[in-house]
Each structure stands twice: as C-alpha cells, then as structure tokens.
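In what follows, a structure is listed as structure tokens, so that the remarks can point back to it.
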Amino acid sequence: MTSARNIRLFVIVDVVLVVLLAIVAIVYLNNQGSGTASDGTTASASAGSTPSSSSSSTSTEPVAFALPSGNIACTMSVDGVTCTIASYTYAPPVVPGCTEVTGHVLVLNADGFAFDCVSGPAPAVASDDVPVLEYGLSTSVGDYTCRSATDGVQCTDGSGTGFQLARASWSELPA
C-alpha cells in the first residue's frame with residue numbers, strides 16, 4: 001500500500017522534473033531564435049550552426065556547410081575554402097603529378113583555385129550534423145564568399161577568382 005509520504009515525494013519529484021524540462025525548453029528555443037549558441041557565442045556563420053545569408057559584415061570564424069542535397073560540403077576560413085563533392089558525373093580533372101583520385105576536392109586560397117589529389121575513398125554525402133546553406137543564400141569568411149544554388153555552389157575570393165561546382169560540371173571563375 002502506498003503511503004501519503006510516498007505520494008507527496010512522487011509529486012515533488014514530478015514537479016521538479018517538469019520545471020527542469022520547461023527551463024531546458026526555454027533555453028533551447030531562445031538560442032534557436034537569437035542565433036546565440038549555448039556557450040554564449042553568436043552562432044551565425046560558425047560551424048555547427050546554419051550559415052546565414054550574406055550581409056555587410058564578414059565573419060572571421062571558420063564555417064562549415066553543405067548544400068541541401070548533401071552532395072557538396074565546404075569548409076571556409078580566412079585562409080581559404082575547401083569543398084568536397086561525394087558524387088559527380090564530369091570527367092575527373094588532371095592534376096599534374098597525381099596518381100590518386102581527383103575531382104572530389106577543390107581548394108581556393110591565396111594560391112588560387114585547384115583540384116586536390118586525394119588518396120583513399122571518395123568523400124561521403126554530408127552528415128546531418130553539418131549545417132545546411134539553403135539555396136539562394138551565401139556566407140562569407142574573410143575575403144571568401146560561397147553561394148548555394150540549385151545548380152551547385154559558387155565560391156570566390158575578393159578578386160572574383162574561384163569556382164562553380166555541381167554534380168554535372170565544374171568551372172573556374174572568372175570564366
């Protein structure tokens with residue numbers, strides 16, 4: 001038989017749990033709406049958050065994002081941009097001196113644009129924990145800007161040097 005004391009204890013524990021759950025929900029919803037990460041830093045344009053649309057301010061914090069399909073994923077820093085493509089239908093580009101796989105990794109930095117020579121398996125489709133840069137939006141870090149579109153990603157530096165990458169084709173910019 002359950003005593004009155006046990007019932008009171010059960011009710012108190014339930015109330016405490018409900019209050020804690022409410023606090024966690026409020027903190028989570030406030031962080032989602034304000035763009036503030038749980039550590040108090042601004043989450044827009046940082047790895048682990050959804051990259052924001054382009055604006056007049058440029059971040060210096062590294063950014064990681066994937067296009068909505070997940071086939072193309074990029075990381076950006078003040079030192080450059082590296083994008084990977086899991087699946088493509090274009091002819092693999094020739095990388096001088098490379099006897100490994102080409103066509104899956106592109107790099108844009110102070111030296112310009114180039115495909116990287118990669119040993120090992122091709123990159124996989126971006127995982128669910130990589131923030132998505134929705135089609136039509138762009139994000140910038142330092143001198144580099146990438147724009148997501150239904151026809152792929154376009155990344156350039158401040159002088160307009162860069163690349164356009166899609167499953168069916170790639171091109172160096174300016175064309």
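Looking across the stretch 125-175, the residues that are hydroxyl-bearing (S, T, Y) and outside any loop (DSSP other than H, G, I, E, B) come down to S138, T139, S140, Y144, T145, S148, T156, S171.
Condition check: in contact (Cβ under 8 Å) with a residue 60 or more places away in the chain and touching a Gly at 6+ places or on another chain (Cβ under 6 Å). Does C146 satisfy that? The answer is no for C146.
Checking the structure you have, find out if any residue of the stretch 125-132 is touching a residue at least 60 places away in the same chain (Cβ under 8 Å), within 23 Å of T60 (Cβ to Cβ) and in contact with a Pro (Cβ under 8 Å, 6 or more places away or on another chain). Looking for residues that are touching a residue at least 60 places away in the same chain (Cβ under 8 Å), within 23 Å of T60 (Cβ to Cβ) and in contact with a Pro (Cβ under 8 Å, 6 or more places away or on another chain), one finds at least one in the stretch 125-132, hence yes.
Taken over the stretch 132-175, the criterion of being among the charged types (D, E, K, R) and surrounded by fewer than 18 Cβ atoms within 10 Å (Cβ to Cβ) is satisfied by E134, D143, D151, R167, E172.
Identify the residue in the stretch 90-117 that is assigned to a loop (DSSP other than H, G, I, E, B) and touching an Asp or Glu at 6+ places or on another chain (Cβ under 9 Å) and, among all such residues, is nearest to T156 (Cα to Cα).
My answer is A110.
Residues considered: D129, D79. Of these, the only one that is charged (D, E, K, R), surrounded by fewer than 18 Cβ atoms within 10 Å (Cβ to Cβ) and modelled with pLDDT of 95 or more is D79.
Quick grid of which residues meet (1) small (G, A, S); (2) touching a His at 6+ places or on another chain (Cβ under 7 Å); (3) more than 15 Å from C83 (Cα to Cα):
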position: T99; (1), (2), (3): no, no, yes
position: N109; (1), (2), (3): no, no, no
position: V118; (1), (2), (3): no, yes, no
position: P121; (1), (2), (3): no, no, yes
position: A126; (1), (2), (3): yes, no, no
position: Y144; (1), (2), (3): no, no, no
position: T156; (1), (2), (3): no, no, no
position: A166; (1), (2), (3): yes, no, no
position: P174; (1), (2), (3): no, no, yes
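For beta carbons closer than 9 Å, sequence separation of 6+ or different chains, a first residue in the stretch 83-97 that is without any contact (Cβ under 8 Å) to a residue 24 or more places away in the chain and a second that is among the polar types (S, T, N, Q), the qualifying pairs are P92/T102; V94/T102; V95/T102. Might you let me know whether the stretch 113-125 holds any residue that is aliphatic (A, V, I, L, M) and in contact with a Leu (Cβ under 9 Å, 6 or more places away or on another chain)? Yes, there is a match, as at least one residue in the stretch 113-125 is aliphatic (A, V, I, L, M) and in contact with a Leu (Cβ under 9 Å, 6 or more places away or on another chain).
The values are calculated or read from the model by the stated rules, or taken from the named source; none is laboratory data. What you see is a predicted model, and the numbers here were worked out from it, not measured in a lab. In this analysis, Cβ positions are derived from the backbone assuming ideal geometry, glycine residues included, and neighbour counts consider all displayed protein chains.
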